[in-house]
1. Over 13 Å, how big is the tail of the calculated P(r) for the stretch A:45-107, in percent of all Cα pairs?
2. Relative to the other copies, what are the label-point distances for A:Glu577, with labels 7 Å from Cα along the C-beta vector, expressed in nm at one decimal and sorted shortest first?
3. If you place +1 on the Cβ of every Lys and Arg and -1 on the Cβ of every Asp and Glu, how big does the dipole about the Cα centre of the stretch A:200-311 come out, in debye to the nearest 20?
4. Under a plain spin-label model, where a point goes 7 Å from the Cα along Cα-to-Cβ, how far apart in nm are A:Ser78 and B:Gln628?
5. Please work out the FRET efficiency for the pair A:His375 and A:Phe182, using the Cβ-Cβ distance as r and a Förster radius of 22 Å; give the result to the nearest 0.05.
6. Within 11 Å, Cβ to Cβ, of B:Ala267, how many net charges do the neighbouring residues add up to if Lys/Arg are +1 and Asp/Glu are -1?
7. Mind checking the mean number of beta-carbon atoms from other chains within 10 Å of the Cβ atoms in B:283-292?
8. In µm²/s, what is D for the stretch B:612-694 at 10 °C and 1.306 mPa s, where D = kT/(6 pi eta Rh) by Stokes-Einstein and Rh is the Kirkwood radius from Cα pairs?
2 protein chains.
Amino acid sequence: MQCCTQICRVSADWRPSNSPKLIDLLDDTVPGIGTYEDFNTIDWVREKSKDRDRHREITNKSKHSTVALLFSISDAFSGWLLMLLIGLMSGALAGGIDIAAHWMTDLKEGVCLNGFWFNHEHCCWASNETTFQERDKCPQWKTWAELMVGVSEGSVNVLNHFMYVSWALLFAFLAVILVRAFAPYACGSGIPEIKTILSGFIIRGYLGKWTLIIKTITLVLAVSSGLSLGKEGPLVHVACCCANILCHFFTKYRRNEAKRREVLSAASAVGVSVAFGAPIGGVLFSLEEVSYYFPLKTLWRSFFAALVAAFTLRSINPFGNSRLVLFYVEFHTPWHLLELIPFVLLGIFGGLWGAFFIHANIAWCRLRKNTRLGHYPVIEVLVVTLLTALLAFPIEYTRMSSSELISELFNDCGLLDSSKLCGYTSNSGSTSGSVNATAANGLGARLAGPGLYTAMWQLALALVFKMLITVATFGIKVTDLDVFLKAKQNIRAVLRIKPQNDKHFFFFLISTLGGVTRMTVSLVVIMFELTGGLEYIVPLMAATMTSKWVADALSRESIYEAHIRLNGYPFLEAKEEFRHKTLATDVMRPRQSDPPLSVLTQSGMSVEEVERLIADTTYSGFPVVISQQSQRLVGFVLRRDLVISLENARRHQEGVVSVSAVLFTECDPPASPSAPPAVKLHNILDLSPFTVTVHTPMEIVVDIFRKLGLRQCLVIQNGRLLGIITKKDILKHMAQMANRDPESILFN
Amino acid sequence: MQCCTQICRVSADWRPSNSPKLIDLLDDTVPGIGTYEDFNTIDWVREKSKDRDRHREITNKSKHSTVALLFSISDAFSGWLLMLLIGLMSGALAGGIDIAAHWMTDLKEGVCLNGFWFNHEHCCWASNETTFQERDKCPQWKTWAELMVGVSEGSVNVLNHFMYVSWALLFAFLAVILVRAFAPYACGSGIPEIKTILSGFIIRGYLGKWTLIIKTITLVLAVSSGLSLGKEGPLVHVACCCANILCHFFTKYRRNEAKRREVLSAASAVGVSVAFGAPIGGVLFSLEEVSYYFPLKTLWRSFFAALVAAFTLRSINPFGNSRLVLFYVEFHTPWHLLELIPFVLLGIFGGLWGAFFIHANIAWCRLRKNTRLGHYPVIEVLVVTLLTALLAFPIEYTRMSSSELISELFNDCGLLDSSKLCGYTSNSGSTSGSVNATAANGLGARLAGPGLYTAMWQLALALVFKMLITVATFGIKVTDLDVFLKAKQNIRAVLRIKPQNDKHFFFFLISTLGGVTRMTVSLVVIMFELTGGLEYIVPLMAATMTSKWVADALSRESIYEAHIRLNGYPFLEAKEEFRHKTLATDVMRPRQSDPPLSVLTQSGMSVEEVERLIADTTYSGFPVVISQQSQRLVGFVLRRDLVISLENARRHQEGVVSVSAVLFTECDPPASPSAPPAVKLHNILDLSPFTVTVHTPMEIVVDIFRKLGLRQCLVIQNGRLLGIITKKDILKHMAQMANRDPESILFN
């Protein structure tokens, strides 16, 4: 029997028919083969092979007919078309979210009489009675107190405060109810999960249409409710949902999990691109922070998609200026060498704060997870919203939405400006004591009025308040929370007041962001694109590097990785090297005390025996060997494929009974004529499983798993199959070596 | 015997002593084991294992003594220290090169009487007699005609021309002689070779101290001689030389080829950083264009090194302005949507020109390689120099060195400026016909004087001339030539004249550069950092993407890859996927008609038999099997290690004769007491060789080779060893599949 297969294999003409054509498999055989179950890890090698087979088939066909040639060309361009669509859709959604959130934030304070759909700014734009001195005060816009009591001054502020808190609570309640009722996956920042999905894990529905709809609505609600959260992480999630949904229109991407992940990598670049208006920063963010497999092809496509998205957003123009760069602010004064010292110090403080932030946030989330607190998400959200709204209202700068605050702070101070931040006395010529000589050519040349000092003090308070409330908010079970906007908003808040002080604030906030997310290059590029501050490249780089070093010294994980670990996702971290001196034999299953490995033989097993093996075990795949005695490896078959094929044979193939032989060989063994027909499963057998020897150091095995994106790997010694290592085994082993609980890895 | 080893292997306590400790190997045994020969490919997996072993040893020791702890800490920081040193050294060298080239370029035209070491600008700075009107004319600076004949006007220009050409020829001659005599590796751009080295190939001396010295000197000479070449490629080479030399002071990097390549990746970022003053662009250049293995750790280190280098260069300040950004030029006018059409068209032209440039250049180089032209490199260089100098002198803008041209063009046009490019009549208010309305707020608002039109015409001529001469120059056998400066210089040349036209010139040149090098993201970032033109992010991205698409449609290779292929370097391109449907069995050696694979058995061979096998074959390694009959794989041993170990045993181990047994097993087989002592080679045996099955598609094999950086891979079927695939086999197979000559792959 073995001899037969040997001959069959080495004969000259075995190859064309013998090689596993996965494309045929998909087209001809049972549906379901070649797909994955929920909460499983994909096999990158297999997926990429499938795609190459598909591509080859199309190329071959294209040589024979014109229609096929056209199809082949459209297939080649479908990737770029998809990128175009993702860019357009994400850009449009981001623009819509911005406009809606702006309107609803204003709704908390009052309403426009001309039409409730106008926000404060648009309401007063349309008014003829607006004077230049009081641009944002027009008779058409009524605060709630004015509308209900009719008085606009004095003690009615309490009523305004009450309405503000009520609206905030209503928005937050709506958000949390929507998430719980329709799309539980729409909660959270999304970036930890997207990182996990990009590494090859399957979470069905996480990027589905319901998640997209609910996430978009609740993002507007949550931002409007005034919770300390940002649109950035959620926008990455929204962009990935768009990408995933659009993938369904392209066979190439619908059918292939690996190709779809390439698209998702590009989509996460799009998300950051629309959130910050920073296309290059987005591409680098995807590369440095999110993606697992990022070939150069994906780099170019991300670049293109981010470009389209930024362009779409610019066309929608939610911020009312024609620049792509949202907040074009430059530090015009050159920096002095000695200034590097405070910048590096700010980097150190930022790193310390970042590490503390992660620690505090994870402790809070663990508390929520392990105590009864976690059972009342709605109440938790409402309490946090109540606190935020109550405390935020009295200070002008925390009350505002981020976009209002931005336009308040970033417009140049003209003579007609009503903002307190423009409370400079226009007496130029003499410089005040607090503004030193190097800043004399900027705004600082004008004396700061008393209103400015109040504004500064309030801003500083706002900063501290925002930072503390964000610890509690990130990772809350409502909706889409992020650390980005926190820092971003505050950067804005402090950036334009005084050239000298805001520089230091700016650097501190960049460093904090660096400490929390551990981004370096992408952060610096995003800041360039945000502010146009090209002059400050060296200090910015110095501050972010310092911040990263300091934060890394305290703990190795970024906020996203910490959340991935907290949630027990099967994520094989690429940043940290595995440094323990264990061998494959220490990790492989079965252990020495366990029963031997469950294997199938390539022939000689009956349908009943195979079915019993499937029923008795929970393994997701079985190695196929020549015989139980020799244990020489032939191939590997996946449980799912095996179950589907056997069911299919029982149902559709005539004469298959429990004693029918199951054959994984190409040619039939000599069987008695009276025997029932055999079930041939050669086509679901993977003839090229990955193998390592028992002596292979685990560091190399981990490297292979990471780089090739494997699901499992067989362990052999001198040609005999001894065991198997799965991704889960590796993650458990790594957790064990790091003295963590190996059972915290939840999924396959 | 086999039984013995089986017992020996599966017994519980075999592991601690059995696992190959490569660090011990290096310390205890014969020198030379674990190193590579010239023109060979390194084994990334093995090198990284070596480093991890070393790291583990240091960590373990550090727990026992304070000295070892300090050593461990210093070891951890040595990477960053090395980066600091590379940044400092490269920055300083780049500054020195700039200053020297500036002086020598001026020497071609004249000399300073106050001291011959002053360049034109410095000479006149020191002069009191300089008027503002004629800033660059002072009595201390004499042209050669003035010095020799004493007259400064009229027909003596011929004498100046003669002196100009003579100096250029002298510089070029010196450069070519120095390169030929001392450091043949100092010729060429260097980037194709560095790409090959980074992919794991060994070219001893290519990054040595002689190359560094000669490259630095000849770079100055070649730039000064006026050849159409840039400092960018060569500066990458210089930075890599610095890195390689500095690696020798750190054991961690001296001993490990893989770790050293990580440092070299960072160094190539440093090279671009100092060449363009663009640190982030440098990091992206290294990532997108040069590097083979670029983990996130290297990203951060490159970032740091590029920062230090840019900072050092800024401190030296060769361009006399305090900005880090060398040429701070902004397009201040916002762009219109319709302008995208000309930008994309320029992208298409740029891509076409880029593809043509590569084609023409490769054809020229092939001509040089295949005909007798290649035998006279000195004459070729002198002819090109003569042509360049003769033609360049009459036009002012081609005569100038790049840095002169830059300062000429990039300084703001003041009222006191003598440059012809500032020949605007200051009559603002009316706009000339050629300047359209959108540009009215820029320089274009002033009427262009007649001098400006002459200057424009000359610049256009200079552009065409430079482009044609560069085709012949790139890849010439003198010294360090690059395409970068060509475009860079021309960008400068045309950038500041008229806001409307120069924008289009600028985009054309960016697109050309994109077409030649096929960079996208890094190119856009470099252009940002160079010009500060953040406004134009979308059009820039559109133009570079278009250019890349167009050029890719014509030929897939960038100029660097084309040169790598021309030179037959063993470089496994990561950009293009292998798409043919061949299996491992089609590529592996031996072929079906060949004699069987040369293998060693783990025991039972004598020293003489092994030596005969080594002498009869040229393979760089041999698989070790249990027995010739079973062909069950045990491990792999490298030829070099085997030769060294056998020689060592013959020399130092007593009683070893030709009939002594060679054992690769851990425990001795039962031997007769009278037999001579056996040579135990278990410690040089790699027990975890990579294996694939005969059915593995070549696309997967190629992927494994690329991602893991393998040298060879064994092919097995059902536990039997059938063949071997080396990197060279793969490259030959790929060449064959692409209908190229497989014998063009020169090295191992």
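1. Tail fraction, whole percent: 73.
2. 3.1
3. The dipole magnitude comes to about 540 debye.
4. Between A:Ser78 and B:Gln628, the simple spin-label model gives 5.5 nm.
5. 0.60
6. Around B:Ala267, the charge tally is +2.
7. The mean count of partner-chain Cβ atoms within 10 Å per residue comes to 2.
8. The diffusion coefficient I find is 113 µm²/s.
The values are calculated or read from the model by the stated rules, or taken from the named source; none is laboratory data. Treat the numbers as computed from the prediction; the structure is a model and nothing was measured. Here the Cβ is made from the backbone with ideal geometry for all residues, glycine too, and neighbour counts use every protein chain on show. Just so you know, the surface numbers come from the protein's heavy atoms only, side chains and all, with ligands and any DNA or RNA stripped out. Shrake-Rupley method; radii C 1.70, N 1.55, O 1.52, S 1.80 Å.
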